[in-house]
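K.L.:
Questions regarding the structure given below will be posed in turn.
Every number in this text was worked out from the coordinates using simple rules, so none of it is lab data. Computed from a prediction, not measured in an experiment: that's the story for all the values here. Reconstructed Cβ throughout: ideal geometry from the backbone, glycine too, with neighbour counts over all protein chains shown.
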Amino acid sequence: MALDHLLAALERDATATAERLRADGRAEADRLTAASTATADQRRDAEVTVVGRERRARMEEELGAVRRASRAEVLGAREQLLGRIDAEVRRALPAAVGRSEYQDALSGRIAAALACLAEKEQVSTRAPAALIPAIRKAWPAGRVSAITPDETIGSGFRLASADGSVEIEETLEAHYVSLRGALMREALQQLGEVP
């Protein structure tokens, strides 16, 4: 009987030890499962973050490329428009010298150009042949000038000192060049392109 009690006690101890080991094993398995799940979640979140960043970076890069292409297209269209405006203005300049407004202002233009030279200095004047009669008519009395036809001058005239050291260009093209930037900004403002 004592042997039976001993065997029963050993069996109870073995069963209790086995239960404790199973419980410890389950607890360890649960801890490892939780740690593994947490690690997998962290890795997945990190991968999702990296993939999300890469997608955002690609999207921002593509968006930037589209914006640059769109801006280049707008600038190209703006440049074409300004080119057409410039060409139209330049085409209209030769006809402007025949208008009464130009003819009325011609004597003032001549006087302003002559004021740049010494009063007694002889000057030479070059102008398109069609404009020479109007220049002679507007020329101040007592001032001597040799007026030479020159079709390459443009729409207006050029005065030069006798030695050629001073030349005053009074052409519409020269005035247009000096005003071109402001005129183009005004055109863009009217189109709503410039604040």
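K.L.:
Return a yes/no flag: does the stretch 75-88 have any residue that is assigned to a helix (DSSP H, G or I), under 30 Å from Glu167 (Cα atoms), of a type in the set (D, E, K, R) and out of contact with any Cys (no Cβ under 6 Å at 6 or more places or on another chain).
P.N.:
Within the stretch 75-88 (the criterion being assigned to a helix (DSSP H, G or I), under 30 Å from Glu167 (Cα atoms), of a type in the set (D, E, K, R) and out of contact with any Cys (no Cβ under 6 Å at 6 or more places or on another chain)), the answer is yes, since at least one residue qualifies.
K.L.:
A further question follows. Taking the conditions exactly as written (over 30 Å from Ala130 (Cβ atoms), surrounded by 10 or more Cβ atoms within 10 Å (Cβ to Cβ) and within 37 Å of the chain's Cα centre (by Cα)), does Gly25 satisfy them or not?
P.N.:
So Gly25 does not fit the description; no.
K.L.:
Of everything in the stretch 147-173 that's touching a residue at least 12 places away in the same chain (Cβ under 8 Å) and among the hydroxyl-bearing types (Ser, Thr, Tyr), which residue is surrounded by the fewest Cβ atoms within 10 Å (Cβ to Cβ)?
P.N.:
Here the answer is Thr148.
K.L.:
Condition check: of a type outside the set (A, V, I, L, M), in a helix (DSSP H, G or I) and surrounded by 10 or more Cβ atoms within 10 Å (Cβ to Cβ). Does Glu60 satisfy that? Spell out how you get there, then give the answer.
P.N.:
On the way: of a type outside the set (A, V, I, L, M): yes; in a helix (DSSP H, G or I): yes; surrounded by 10 or more Cβ atoms within 10 Å (Cβ to Cβ): yes.
Yes: the conditions hold for Glu60.
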